[in-house]
1. On the basis of being modelled with pLDDT under 90 and in a loop (DSSP other than H, G, I, E, B), does Leu238 make the cut?
2. When you go through Ala326, Ala335, Ala263 one by one, which is the residue that is in contact with a Phe, Trp or Tyr (Cβ under 9 Å, 6 or more places away or on another chain) and in contact (Cβ under 8 Å) with a residue 24 or more places away in the chain?
3. Out of the residues in the range 123-169 that are free of Cβ contacts under 8 Å to residues at least 60 places away in the same chain and of a type in the set (Asp, Glu), which is farthest from Glu233 (Cα to Cα)?
4. Mind telling me which of the residues Ala155, Ala161, Ala126, Ala195 ends up being over 16 Å from the mean Cα position of the chain (by Cα) and part of a strand (DSSP E or B)?
5. Taking helices (runs of 4 or more DSSP H) that fall entirely within the range 270-384, which contain at least 2 residues that are more than 21 Å from the chain's Cα centre (by Cα) and farther than 18 Å from Pro216 by Cα?
6. Conditions first: (1) within 11 Å of ligand 1 (Cβ to nearest atom); (2) in a strand (DSSP E or B). Asp249 passes all but one, so which condition is the exception?
7. Going residue by residue through the range 275-292, is there one that turns out to be among the basic types (Lys, Arg) and touching a residue at least 40 places away in the same chain (Cβ under 8 Å)?
8. All but one of (1) away from ligand 2 (no atom under 16 Å from the Cβ); (2) within 18 Å of Leu321 (Cα to Cα) hold for Ser240; which doesn't?
Amino acid sequence: MDLSFLDQAKKMFEKKVLSRGVESVLGIDIGSSAIKLVQLKSSQGTATLETYGEISLGPYAEKEVGQATNLPPEKLAEALKTLITEANVTTDVCGVSVPFASSLVKLIEVPPLDLKKLQTVVPIEARKYIPVPISEVQLDYFIIPETEQKLFLGAKNINDAEGQELKNRMVLIVAMHNDILRRYTETIKVAGLNAEFFEIEVFSNIRSTVAHSLAPVAIIDLGATTSKLYLVELGIVLASHVIPVGSQDITKSLAKSTHMTMAKAEEIKRQAGILSGVENGDAARVSHAATLTMEQIFAEARRVLLGFQRKYNKVITKVILTGGGATLKGLPEFARQQLELEIEVANPFLHVQAPSFLQDTLEQAGPDFAVSVGLALRVLHDSR
Ligand SMILES: Nc1ncnc2c1ncn2[C@@H]1O[C@H](COP(=O)(O)OP(=O)(O)OP(=O)(O)O)[C@@H](O)[C@H]1O
Ligand SMILES: [Mg+2]
């Protein structure tokens, strides 16, 4: 099994085309509230959608749809098997994501040594950033190529970059906790699948949403329990942050303030959205609960964005929304008001061939599948 989580980042610098094989592959995103899966096939150099689907984990934990869970491998495998059957999956080859909240992704700076010396220094240096014993994690790192670092630091083009000296080297360090790895390995095995790799979800997310963008952008992944903010330029994760507030908090506060069941609250949340424009009734209550939750998330996102822009003297102009929470009606407009930046809702299926009658459905479901599409794309790339 390939445990090199940085493969993705490394590949950002290679111009790869898709495999010409015909094998079908799966991307599996095990979130706290749902498992999402996408099956792609490579045909004539492009990725083609074969099937996709999602299953809520709440009911497997005696909770409601949309609620976060912390299930043991057997239960996760049971849900995954059901999803595989329901979606008519026809392959066992897969890539699996690992939650960002149980990982560490950090850009650090080390002295500008030659490559050989860096390979000795970086693992030692990286340990300083790992808050648990090193034996409990899988550690990997990626030394940012000199040219990319110079472009990032402000060189206008490659010629300009050649004349510069670097005062230090930027290295992306990545660690994943063994516990989560064990839990997911067991889940995949019990479900009868074969994992080609485990990858921290941020890299899968980038691959399907901004892989082609050179300008600095922010991605906000609105999950059930947490929201994740990633700042990305030239395919490199420059900074990231977990906000401990998620879309289930809307449902929770709605259920609490109106004394309705969680199931009902989840249902009307999905129907009404955030900008209802009405002052009374359920829609107004949803709008109120959603506003309180989303204001918290965007306030923290704005603070982190400003800090980053100040530190690197950069301007982030675009924010991409992903995750199930990003499908909340009216959210793009609300985010625009809060962040005063260009807002785009992720459409990871954009670069995937699919029947035209599915286009609208895929566009709407898109944000939810950003991670699973990104994973499946990597399996296709790798299996050339
Ligand atoms: N159509 C919809 N409208 C509004 N909210 C929705 C909709 N569909 C899903 N959600 C919300 O999205 C959340 C789930 O998002 P997602 O599937 O990205 O989370 P997850 O990956 O399981 O969680 P995490 O990333 O925190 O582990 C749930 O709280 C759910 O209520
Ligand atoms: Mg998620």
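The values are calculated or read from the model by the stated rules, or taken from the named source; none is laboratory data. Computed from a predicted model, the values in this text were never measured in an experiment. Note that we place each Cβ from the backbone using ideal geometry, even for glycine, and neighbour counts take in every protein chain shown.
1. The answer is no for Leu238.
2. Only one candidate passes the filter, namely Ala335.
3. Glu136
4. On the way: Ala155 fails: part of a strand (DSSP E or B); Ala161 fails: part of a strand (DSSP E or B); Ala126 fails: part of a strand (DSSP E or B).
Criteria check complete, one pass: Ala195.
5. Correct list: 281-312, 331-339, 359-365.
6. (2)
7. So far as the range 275-292 goes, no, none of its residues is among the basic types (Lys, Arg) and touching a residue at least 40 places away in the same chain (Cβ under 8 Å).
8. With (1) away from ligand 2 (no atom under 16 Å from the Cβ); (2) within 18 Å of Leu321 (Cα to Cα) applied to Ser240, the lone miss is (1).
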